[in-house]
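Worksheet for the structure shown next.
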Amino acid sequence: MNIVKISTAATLLPLACALFAAEIPLGEVECLENGDWSASVAVERRGNAKMLIPHSVGEIRPYDWEKFTDGKIIVRCNPGWGMTYRMLALLNEFGDSYAIIQKGARFHASFLSAKAKGDGAKEIILESGYVPVKGEKFSRALPFKSMVIPFKGGWFEAAEIYKKIVADEQYLQDARARNFGQLENVGFWFWNRRTSDIVIPPIEKFAADSGVPVALDWYWWHDIPYDTSYPNYWPPREGVESFRKAVKKLNSLGIYAQTYINGLSWDMDDPSWKEGGERCGKINREGKFVATAWNRFSKHRLAEMCGDSEKFQQHIRKAVRSVVPCGFQGQYLDQIGNSAYGGCWATNHTHAPGGGDHMVRNFRKYLRKVQSENPGVHLSSEDCNESYMDIFDSFILTSPSYERFNGGGKVDFEKVPVFPAVYHGAVVLFGNFATMSGIPAWDPKWPDSEKWTDEKDWPTLFPDQFPVELSRGVIWGAQPCAHNFRIEDASNPSCAKLYAFMIDTARFYHANRDFLLKGEMLHPGKMSCAKKTVEFLNRGTYSKKGEYSVATHELPVVFYSIWKSPSGKRAVILVNWSCNEEKFALKTRDVSCEGVIPALSWKKVEF
């Protein structure tokens, strides 16, 4: 490979402090019809503007602005799935862009929204809001600082502004100061499911073939079917002694491991619900439980718990105390990271009905109890978030695989790594839904009649999907991961190149953790390379037998990011995920380089 560095800059361009002097004040706080408090300001939309939305790592969405009528909501973000960090931005095609930011709101039931002002959305109303508890005296000031900041640039410039605003927050200092222990040495994760005879052999083989320390996020270890009968996890489905023996083997192999437990949900259709579930459930504004039947076979409704749910929390704490002593280094608590927010309108809880900050504060107390009862164990949860990032040591992501969750058709939006640009090094990110075989895991406790019997050669039909999903997370600074990796995948001729790429990815990431685990993301500049339309198999855990769709997305064949290590070294990280050798040319604030990169390969260029 021939890579030529053309030029380098001595320092980063400074973030203009004048942006803060130009801060646009929001209007007076108003009490809305539903009792929420809100302050807003209208800004000009220019050209083919897009919205930068705080979904997971970050997301850029285009809109057909002419279809918007006056007052129509463009996007509304609440903490959790819709707001993992507290910034929403209008990215104008030319002229100033605008970011609306909340500072000090990470415990509060808050929201950010954008609405059209005038038909055709010539202006955009940026709104910062708060959901109070019942009886809370209305104030002309929100209980946290809100600001609108004009800036020039795109998603990374918005991230720079937000990074500067949260830099002095205590939660960030605490998160950066902790010891991640064995997590720091992980070179590859496996998101595997079912009993140890299925879960461990492929991981053992990969660890031996790659020579890299690996980690396991172990789902479906419990006797109950997935998404049914929560929170009754113990005993393990393979028996206690076999389970403990399996964990002992993981430890002997040096594999970091954690198990799946849902830290938020109780099965409303399980007999245990009558033993206190109704008292623990989260109640919405309409007076109903917040519940979803994820499992399409059992159709059991999983109800989300309020932070004031002592009986439920006792169940989970007992389950963790049963599992962890078997020898696990970590414990995964599902859904808390992306769903334990907002308000609860129950009238029989200890908190006042409504929003406020009781939900997050009570969940944090619950998590602190789990920590104190399991000293030295690393806690993990679902998706990026600010509210719990000083408690959870790691977050699992599905966003590197976002095309497969689009429902098919052309993908016209883009995930961008705002959260890593702001918080990289303060919490470990890992995960994706990259499945080498294209076959999701199947729980044998589900109906046999629903299991797929006519599997196709998915790796041949969708050759680019696995390398795209695998490499994208690494480029964002997440530890690499594969989902439902089976022992037969390592020897499948259709997967030979993909398996080799897995090994190369693990080795490359592990060798460059100084950048990709601990580094600071630098300005991405502009990449010139070929593009390719990639087809993505849309098939999930609960897809119906024989049913799938195909999504398409035009992507650059070379993914990249730029990092500064704690020691001050700087490097461009590049990956060619395609099956052909590709040319590239990159120009950034700090470096210009160009060259050729072989198919399915990684490259680091220090400067």
Exercise for review: List the number of the failed condition for residue 412; all other conditions in (1) touching an Asp or Glu at 6+ places or on another chain (Cβ under 8 Å); (2) assigned to a loop (DSSP other than H, G, I, E, B); (3) not small (Gly, Ala, Ser) hold.
Suggested key: (1)
Exercise for review: Report whether or not residue 459 is in a helix (DSSP H, G or I) and over 26 Å from residue 571 (Cα atoms).
Suggested key: yes
**Study point:** Which numbered condition residue 460 fails, given (1) within 26 Å of the chain's Cα centre (by Cα); (2) surrounded by fewer than 21 Cβ atoms within 10 Å (Cβ to Cβ)
**Key:** (1)
Exercise for review: Can you tell me which residue among 445, 451, 415 is within 23 Å of residue 576 (Cα to Cα) and in contact (Cβ under 8 Å) with a residue 24 or more places away in the chain?
Suggested key: 415
Review point. Looking at the stretch 474-487, is at least one residue of a type outside the set (A, V, I, L, M), assigned to a helix (DSSP H, G or I) and buried (at least 24 other Cβ atoms within 10 Å of the Cβ)?
Key: no
Review point. Picking from 441, 434, 421, which residue would you name as being at pLDDT 95 or above, among the small types (Gly, Ala, Ser), over 12 Å from the mean Cα position of the chain (by Cα) and assigned to a helix (DSSP H, G or I)?
Key: 421
Exercise for review: Run residue 291 past the list (1) of a type outside the set (D, E, K, R); (2) over 22 Å from the mean Cα position of the chain (by Cα); (3) under 30 Å from residue 393 (Cβ atoms) and report the number of the one that doesn't hold.
Suggested key: (2)
Exercise for review: Check the stretch 83-103 and report whether any residue there is within 15 Å of the chain's Cα centre (by Cα), part of a strand (DSSP E or B) and either farther than 18 Å from residue 165 by Cβ or among the hydroxyl-bearing types (Ser, Thr, Tyr) (or both).
Suggested key: no
Point to revise | Qualifying residues in the stretch 75-114 (those that are closer than 18 Å to residue 36 by Cβ and among the aliphatic types (A, V, I, L, M)) - the one surrounded by the fewest Cβ atoms within 10 Å (Cβ to Cβ) | key: 75
**Study point:** Residues satisfying the stated conditions in the stretch 368-409, i.e. assigned to a helix (DSSP H, G or I) and farther than 21 Å from residue 318 by Cα
**Key:** 399, 400, 401, 402, 403, 404, 405
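Within the stretch 118-143, take every residue that is part of a loop (DSSP other than H, G, I, E, B) and small (Gly, Ala, Ser) and give me the one that is farthest from residue 107 (Cα to Cα). Let's see the steps before the verdict.
First, the residues of the stretch 118-143 that are part of a loop (DSSP other than H, G, I, E, B): 118-122, 131-132, 134-143.
Now drop any that are not small (Gly, Ala, Ser), which leaves 118, 120-121, 135, 139, 141.
Details: 118: 34, 120: 35, 121: 32, 135: 19, 139: 18, 141: 17 Å.
Restricting to residues being part of a loop (DSSP other than H, G, I, E, B) and small (Gly, Ala, Ser), the top hit is 120.
State which residue is surrounded by the fewest Cβ atoms within 10 Å (Cβ to Cβ) when the search covers only the stretch 495-553 and only residues that are assigned to a strand (DSSP E or B) and β-branched (Val, Ile, Thr).
The initial filter retains those residues of the stretch 495-553 that are assigned to a strand (DSSP E or B), namely 520-521, 526-529, 531-538, 549-553.
Subsequent filtering for residues that are β-branched (Val, Ile, Thr) retains 533-534, 550, 552.
Working: 533: 10, 534: 22, 550: 15, 552: 15.
Across the stretch 495-553, the extreme among qualifying residues is 533.
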Check your understanding: Which ones in the stretch 573-591 are part of a strand (DSSP E or B) and surrounded by fewer than 19 Cβ atoms within 10 Å (Cβ to Cβ)?
Key -> 583, 585, 587
Review point. Does any residue of the stretch 369-376 turn out to be closer than 19 Å to residue 331 by Cα and under 13 Å from the mean Cα position of the chain (by Cα)?
Key: no
Review point. Within the set of pairs 6 or more residues apart or between chains, which connect a residue that is closer than 27 Å to residue 388 by Cβ and in a loop (DSSP other than H, G, I, E, B) inside the stretch 175-202 to a residue that is aliphatic (A, V, I, L, M) and modelled with pLDDT of 95 or more with Cβ atoms less than 6 Å apart?
Key: 186/215; 187/212; 187/506
Review point. If you go through the stretch 425-447 one residue at a time, do you hit one that is farther than 28 Å from residue 225 by Cβ and of a type in the set (Gly, Ala, Ser)?
Key: yes
Exercise for review: Could you identify the single residue in 256, 233 that is buried (at least 18 other Cβ atoms within 10 Å of the Cβ), touching a Gly at 6+ places or on another chain (Cβ under 9 Å), in contact (Cβ under 8 Å) with a residue 60 or more places away in the chain and aromatic (Phe, Trp, Tyr)?
Suggested key: 256
**Study point:** Scope the stretch 554-572; condition surrounded by 17 or more Cβ atoms within 10 Å (Cβ to Cβ), among the polar types (S, T, N, Q) and outside any strand (DSSP E or B); matching residues
**Key:** 565
Exercise for review: Go through the stretch 305-326 and give me each residue that's touching a Cys at 6+ places or on another chain (Cβ under 9 Å) and crowded, with 18+ Cβ neighbours inside 10 Å.
Suggested key: 305, 306, 307, 308, 309, 312, 313
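Could you tell me whether residue 511 is closer than 30 Å to residue 184 by Cβ and free of Cβ contacts under 8 Å to residues at least 24 places away in the same chain? Working first, answer last.
Details: closer than 30 Å to residue 184 by Cβ: yes; free of Cβ contacts under 8 Å to residues at least 24 places away in the same chain: yes.
Against the criterion (closer than 30 Å to residue 184 by Cβ and free of Cβ contacts under 8 Å to residues at least 24 places away in the same chain), residue 511 qualifies.
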Review point. What's the number of the condition residue 71 fails, among (1) surrounded by fewer than 20 Cβ atoms within 10 Å (Cβ to Cβ); (2) at negative phi?
Key: (2)
Practice item. Could you list, in sequence order, all residues of the stretch 104-117 that are of a type outside the set (A, V, I, L, M) and either at pLDDT below 95 or part of a strand (DSSP E or B) (or both)? Key: 110, 111, 113, 115, 117
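The values are calculated or read from the model by the stated rules, or taken from the named source; none is laboratory data. Since the model is a prediction, treat every value here as computed from it, not as a measurement. Using ideal geometry, Cβ is built from the backbone for each residue, glycine included, and neighbour counts are taken over all protein chains shown.
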